[in-house]
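Enquirer: What follows is a structure written as structure tokens; I'll ask about it next.
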Amino acid sequence: MDKSLRETAADFTLLYESITDSSIAERLAACRPWRQAVLSPMLHTQTVATLPASWRFLVIDGSHVQGPGARGTQSRLHICMDLVQLQCVAITVTDQHTGESLEHFPLGPGDIALADRGYAYATPIVETVRKQAEVVLRMSPAHLPVYDGDGQRLDLVQQLRTQPWATLRTLDVGIRTPSSPQGVHGYVHA
């Protein structure tokens, strides 16, 4: 059964002693070596540990946290995990107003961050790439405008309408922000 940090803290408080959801998060962060020891044999990490030593393949996601009887999100849990080493790189608990963002995590040279479309916003992507990290994510053209080599906004839907069914296409694109008009270079695979 999946439980939020708040639900876990409430159960522990009822059964043993008083504890907060942030204390539960701190204890989970302290369990990294144990999680690695338990998960490594289950996931056969020896067969996937083929990245160069200076690279980290990081999986990033966020989750809504609700306490008992809550009618909506009360907190958000943001997790960044090294998929090869099976170690949490960062765990952050924020309020319900703080959304998913690459800015929550310590990304830098050699990092390859894999995230879902909730992280596909120009400013955090540009800042992450400027820190020399790589970003692989799903995106929605409505939320992440991309530009061609001449700096013109690219209509991805129109570009892909001419693509034959069941084929792959790679588009060379740029992502930019008002504060960074040069932006960064990347690819869209569709």
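Enquirer: For segment 59-91, how many residues are at pLDDT 90 or above and of a type in the set (Ser, Thr, Tyr)?
Expert: Total satisfying the criteria: 0.
Enquirer: Answer with yes or no whether residue 186 is in the same structural domain as residue 56 (by TED's automatic domain parsing), closer than 26 Å to residue 82 by Cα and of a type outside the set (A, V, I, L, M).
Expert: Numbers: in the same structural domain as residue 56 (by TED's automatic domain parsing): no; closer than 26 Å to residue 82 by Cα: yes; of a type outside the set (A, V, I, L, M): yes.
Criteria not met by residue 186.
Enquirer: A follow-up question, please. Would you confirm, using the coordinates I've provided, whether residue 94 is assigned to a loop (DSSP other than H, G, I, E, B) and modelled with pLDDT under 85? Even if it seems obvious, please write down each step before you answer.
Expert: Numbers: assigned to a loop (DSSP other than H, G, I, E, B): no; modelled with pLDDT under 85: yes.
Criteria not met by residue 94.
Enquirer: Still on this model: Yes or no: segment 154-166 includes at least one residue that is outside any loop (DSSP other than H, G, I, E, B), in contact with a helix residue (DSSP H, G or I) (Cβ under 8 Å, 6 or more places away or on another chain) and closer than 16 Å to residue 190 by Cβ.
Expert: From segment 154-166, those outside any loop (DSSP other than H, G, I, E, B) are 154, 156-161; that's our starting set.
If we keep only those that are in contact with a helix residue (DSSP H, G or I) (Cβ under 8 Å, 6 or more places away or on another chain) too, we end up with none.
For segment 154-166, residues outside any loop (DSSP other than H, G, I, E, B), in contact with a helix residue (DSSP H, G or I) (Cβ under 8 Å, 6 or more places away or on another chain) and closer than 16 Å to residue 190 by Cβ: absent.
Enquirer: What residue, among those in segment 70-91 that are among the β-branched types (Val, Ile, Thr) and out of contact with any Gly (no Cβ under 9 Å at 6 or more places or on another chain), is nearest to residue 133 (Cα to Cα)? Walk me through it before giving the result.
Expert: Within segment 70-91, the first condition is being among the β-branched types (Val, Ile, Thr), and the residues that meet it are 73, 79, 84, 89, 91.
In the following step, the residues that additionally are out of contact with any Gly (no Cβ under 9 Å at 6 or more places or on another chain) were identified as 73, 84, 89, 91.
Numbers: 73: 30, 84: 17, 89: 15, 91: 19 Å.
Across segment 70-91, the extreme among qualifying residues is 89.
Enquirer: Being among the small types (Gly, Ala, Ser), within 20 Å of residue 124 (Cα to Cα) and crowded, with 16+ Cβ neighbours inside 10 Å narrows it down to one of 151, 186, so name that one.
Expert: Testing whether each residue is among the small types (Gly, Ala, Ser), within 20 Å of residue 124 (Cα to Cα) and crowded, with 16+ Cβ neighbours inside 10 Å leaves just 186.
Enquirer: Same structure, new question: Among the residues in segment 33-51, are any at pLDDT 85 or above and assigned to a helix (DSSP H, G or I)?
Expert: No, that holds for no residue.
Enquirer: When only residues in segment 145-190 that are of a type in the set (Gly, Ala, Ser) and touching a residue at least 12 places away in the same chain (Cβ under 8 Å) count, which is farthest from residue 128 (Cα to Cα)?
Expert: 190
Enquirer: If residue 114 passes every condition in (1) within 23 Å of the chain's Cα centre (by Cα); (2) part of a loop (DSSP other than H, G, I, E, B); (3) of a type in the set (A, V, I, L, M) but one, which one does it miss?
Expert: Of everything listed in (1) within 23 Å of the chain's Cα centre (by Cα); (2) part of a loop (DSSP other than H, G, I, E, B); (3) of a type in the set (A, V, I, L, M), residue 114 misses just condition (2).
Enquirer: Can you confirm whether residue 84 is free of Cβ contacts under 8 Å to residues at least 40 places away in the same chain, part of a loop (DSSP other than H, G, I, E, B) and farther than 29 Å from residue 178 by Cα?
Expert: Here the answer is yes, as residue 84 does meet what is asked.
Enquirer: Quick one: residue 2 ticks every box in (1) within 25 Å of residue 116 (Cβ to Cβ); (2) modelled with pLDDT of 85 or more; (3) acidic (Asp, Glu); (4) not in a strand (DSSP E or B) except a single one, so which number is it?
Expert: Every listed condition holds for residue 2 apart from (2).
Enquirer: Also, quick follow-up: I'm trying to understand the selection: among the residues of segment 133-143, which are of a type outside the set (Lys, Arg) and touching a helix residue (DSSP H, G or I) at 6+ places or on another chain (Cβ under 6 Å)? Break it down into steps so the answer makes sense when it comes.
Expert: First, pick out the residues of segment 133-143 that are of a type outside the set (Lys, Arg): 133-137, 139-143.
Those that are of a type outside the set (Lys, Arg) and touching a helix residue (DSSP H, G or I) at 6+ places or on another chain (Cβ under 6 Å): 135, 137, 139, 140, 141.
The values are calculated or read from the model by the stated rules, or taken from the named source; none is laboratory data. What you are looking at is a predicted structure, and each value in this text was computed from that prediction instead of being measured. Don't worry about glycine lacking a Cβ; one is built from the backbone with ideal geometry, like all the others, and counts go over all protein chains shown.
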